[in-house]
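Here the structure comes first, spelled out in structure tokens, and everything after it is commentary.
Any read-out appearing in this document is the output of simple, stated calculations on the displayed coordinates, not a laboratory observation. This is a predicted model, so every value here is computed, not measured. Quick reminder, even Gly has a Cβ in these numbers, built from the backbone with ideal geometry, and neighbours come from all protein chains shown.
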Amino acid sequence: MSLSVQVPRDLSKVRARIILGLTKRQLICFGGAALFGVPSFFLLRKTGNNSLACLGMILVMLPLFFMGMYEKDGQTPEKIAMQFIRARFIRPRRRIYQTENLYAALMRQSQLEKEVRAIVQKKEKKWGPARKRGREPRQRKNSRKQKET
């Protein structure tokens, strides 16, 4: 008689089971759900409506059951919530990569050139054409053409 044991391929998904096939995390969450849910049932049952008491107990216990059972990509709801809070509220919202819109830059440059031309034309109408400042370039005394002649 041979015995065979199934070994999972991914050992990172193996969790230590304590009681009834539940992990320590699940036991703590279910215990907390019972700790809050059962007294809420008895408090709501005093109103006389058992259906309302059951619904109230379910609503109180459901978030704790969710916390114990839900896991996505190896992350618990607390880790996911903390990552969301950090990304949304704590860290500054900066856009790291932003494309450069060359067409918009060309349009802004064109608009600025139009504004400059309009300002220059206003001044020319008021003061006359602008003079060129500086000297005329000098001619060299010993240029090649003069030497040849």
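Structure values in brief
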quantity	calculated
Net lengthening on full extension, residue 93/residue 78 (0.36 nm per residue, minus Cα-Cα)	3.2 nm
Residue 43 paired with residue 2, simple spin-label distance in nm, labels 7 Å along Cα-to-beta-carbon	6.1 nm
Fewest-first sequence of 64, 52 by Cβ atoms within 10 Å of each Cβ	52, 64
Residue exposure sequence - 103, 97, 70 - by fewest surrounding Cβ within 10 Å	97, 103, 70
Ranked list, fewest to most other Cβ atoms within 10 Å of each Cβ, for 40, 110	110, 40
Point-to-point label distance, residue 126-residue 103, nm (Cα→Cβ direction, 7 Å offset)	3.8 nm
